[in-house]
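The values are calculated or read from the model by the stated rules, or taken from the named source; none is laboratory data. Owing to the predicted nature of the structure, the values given are computational and were not obtained by experimental measurement. All Cβ positions, glycine included, derive from the backbone under ideal geometry; neighbour counts span all protein chains shown.
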């Protein structure tokens, strides 16, 4: 997995709601015929709450309806809600509630049966995660080539073996980190708190920081 997502709720701050369990009787904008629609119906039912769905098949039109005030909240994957909020007329007027009601893990996909390519893709993602675990960044990766830590030496290809096992250059992990950074750098650059999306690491933090991200061993 390279991103752990989940279904959430986007609301206007004016609504004064801090938790999804305060949405009893709310009007909810949702795409029809989706697991999103099923999940939100299940959530309200399980918590003894009522909702009034507003179903619109087009994502852009659904967002317009929400911003026009046709519904109290918009529900979708939290990362998509962050994107929707970013294009709002006044993004700071809206918040994504902390309540997450589903598990939506995301990962790269490859053609079934192409195992060698699958390994390359998987270890390209793992390389960024492992680099963050080892404290290696795009800025210090050259200095880390001098490290005497066996894990760092194997990871960066100073001690050969990993590249050959994948049919790649021994410095494939070094090249990835040098070009795009570790997982944390990539996350913060593209979707982090200093971007218009303003997504916190959350479950996508390293396992040592309370998240779910960790790499398989590079050996």
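Structure values in brief
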item: Evaluation of residue 138 against (1) exposed (fewer than 15 other Cβ atoms within 10 Å of the Cβ); (2) touching a helix residue (DSSP H, G or I) at 6+ places or on another chain (Cβ under 8 Å); (3) not assigned by TED's automatic domain parsing to the domain that holds residue 19 (one fails), failing number; result: (1)
item: Test result for residue 133, surrounded by 15 or more Cβ atoms within 10 Å (Cβ to Cβ) and under 27 Å from residue 86 (Cβ atoms); result: no
item: Residue that is farther than 25 Å from residue 212 by Cα, surrounded by 13 or more Cβ atoms within 10 Å (Cβ to Cβ) and outside the structural domain of residue 191 (by TED's automatic domain parsing), where the choices are 78, 65; result: 65
item: Complete set of residues in the stretch 10-27 that are surrounded by fewer than 20 Cβ atoms within 10 Å (Cβ to Cβ) and in a helix (DSSP H, G or I); result: 13, 14, 15, 21, 22
item: Selection status of residue 7, touching a helix residue (DSSP H, G or I) at 6+ places or on another chain (Cβ under 6 Å) and either closer than 13 Å to residue 101 by Cα or exposed (fewer than 12 other Cβ atoms within 10 Å of the Cβ) (or both); result: yes
item: Output for the stretch 81-124, where each listed residue is exposed (fewer than 12 other Cβ atoms within 10 Å of the Cβ) and closer than 24 Å to residue 20 by Cα; result: 87, 89, 90, 92, 103
item: Selection from the stretch 28-65 of residues that are closer than 19 Å to residue 100 by Cβ, part of a helix (DSSP H, G or I) and under 26 Å from the mean Cα position of the chain (by Cα); result: 35, 36, 37, 38, 39, 40, 41, 42, 43, 44
item: Where a residue in the stretch 148-172 is at positive phi and its partner, wherever it lies, is modelled with pLDDT of 95 or more, with Cβ under 7 Å and at least six apart; result: 157/163; 157/170; 157/171; 157/173; 157/174; 161/154; 167/116
item: Yes/no for residue 219 being more than 21 Å from residue 144 (Cβ to Cβ) and not in a helix (DSSP H, G or I); result: no
